[in-house]
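The structure appears below as structure tokens.
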Amino acid sequence: MTAALPLHRLSALSSSPSCHHPHHTTTLNGLSFFPPNPPNSKQALFPKPRDHHPFRIHISRRDAASLSFLALVPFFSPVAPPASAFSIGISGPKDWLKEQKRKASKFLLAPIDASRESLRAAYLLLTAVGSEYTNEDLEKVQGLLRSAARDCVPEDRNSIVSFQASTGVEVCTFRLVVKNAASLLDNKDPVKLEAEAILSDLIRSFTSLNGLASEADIQVASNRQNVAAALMDTISCLDKFEQGIKECLEV
């Protein structure tokens with residue numbers, strides 16, 4: 001049986017530099033001792049983290065792709081067409097435009113009212129009793145009649161208005177009123193056709209009235225009466241024209 005080495009011998013062996021050499025073995029009582037392998041430097045610096053989660057869900061690449069696609073599905077979902085917004089009681093564009101035209105009817109009818117007032121003022125001048133008519137009175141009457149015609153009588157247009165008309169610009173105010181009031185109606189709509197027919201009668205009436213007022217000697221009482229009668233006919237045509245515009249606007 002081999003005797004045990006003294007403690008100072010064991011201490012010397014353990015402190016020997018050779019015991020730290022990675023390829024050197026230590027023999028003690030016939031037994032060989034190998035030092036433990038030195039730790040890997042990467043493992044020592046970056047130890048593998050422990051998994052602290054009690055549960056782990058393993059998802060394959062195929063499942064991950066499926067989930068990614070499903071996340072995008074709301075963006076490709078069908079959207080209700082804009083027209084469905086009108087199903088909750090909101091009127092369509094054409095009905096809305098009609099309503100706007102009704103609200104703006106006073107602006108379309110304003111030129112008709114202004115023409116009617118001019119004709120009435122001219123009538124009062126023609127039917128004034130006991131007054132002597134001068135050239136100044138004649139000019140006033142003719143000016144009121146031209147103003148009431150609203151550039152719809154070609155013979156009474158000034159040079160600028162005539163030039164505009166020759167270039168294709170619509171200068172007749174009454175014709176513009178018809179176009180605006182009946183813009184939402186079909187070309188063959190009876191209401192629109194009736195308004196256009198009344199417009200033609202109104203223009204003919206103004207043309208006849210202005211011609212009579214410029215040719216007749218209003219200093220003669222009978223001539224003044226004739227002009228006054230033609231003026232009343234024009235007012236009647238103007239009233240019919242106003243009614244036709246109101247029917248186009250449905251007011």
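The values are calculated or read from the model by the stated rules, or taken from the named source; none is laboratory data. Computed from a predicted model, the values in this text were never measured in an experiment. Ideal geometry is used to build each Cβ from the backbone, glycine not excepted, and the neighbour counts take in all protein chains shown. The protein model used for the area step is the full one, side chains on, heavy atoms only, and it has no ligands, DNA or RNA in it. Shrake-Rupley method; radii C 1.70, N 1.55, O 1.52, S 1.80 Å.
Charged neighbours of Asn226, selected by a Cβ distance under 13 Å, balance to -2 (K, R count +1; D, E count -1). The Gln142 and Ala165 beta-carbon pair, evaluated with R₀ = 22 Å, returns a calculated FRET efficiency of approximately 0.60.
Ligands, DNA and RNA aside, Asp95 has an accessible area near 80 Å² when probed at 1.4 Å. Label separation (Arg120 vs Glu215): 3.0 nm, computed from points 7 Å beyond Cα along the C-beta direction.
Solvent-accessible surface of protein heavy atoms, probed at 1.4 angstrom with all chains present, puts Tyr133, Tyr123 in the order Tyr123, Tyr133, largest first.
Which value, in debye to the nearest 20, gives the size of the charge dipole of region 94-249 about its Cα centre, when Lys and Arg are +1 and Asp and Glu are -1 at the Cβ? With only Lys, Arg, Asp and Glu charged at Cβ, the dipole is about 700 debye.
Taking every lysine pair in region 94-249 that is 8 or more places apart or spans two chains, those with Cα atoms closer than 18 Å amount to 24. Only protein atoms count toward the accessible area here, which uses a 1.4 Å probe; on region 94-249, the carbon and sulfur part of that area reaches 51 percent. Between Asn187 and Gln225, the C-beta separation translates, for a Förster distance of 45 Å, into a calculated FRET efficiency of about 0.60. Using θ = phi - 60° in the Karplus curve 6.51 cos²θ - 1.76 cosθ + 1.60, the 3J(HN,Hα) couplings for region 117-127 round to 5, 5, 5, 5, 5, 5, 5, 5, 5, 6, 9 Hz; x is entered for Gly and Pro. Of the residues Phe107, Phe241, ranked by 1.4 Å probe accessible area with the largest first, the sequence reads Phe107, Phe241.
Using the heavy atoms of the protein chains and a 1.4 angstrom probe, tell me the accessible area per residue for region 94-136 in square angstrom.
Values: 2830 Å² over 43 residues.
Heavy-atom SASA per residue in region 94-136 reads 66 Å².
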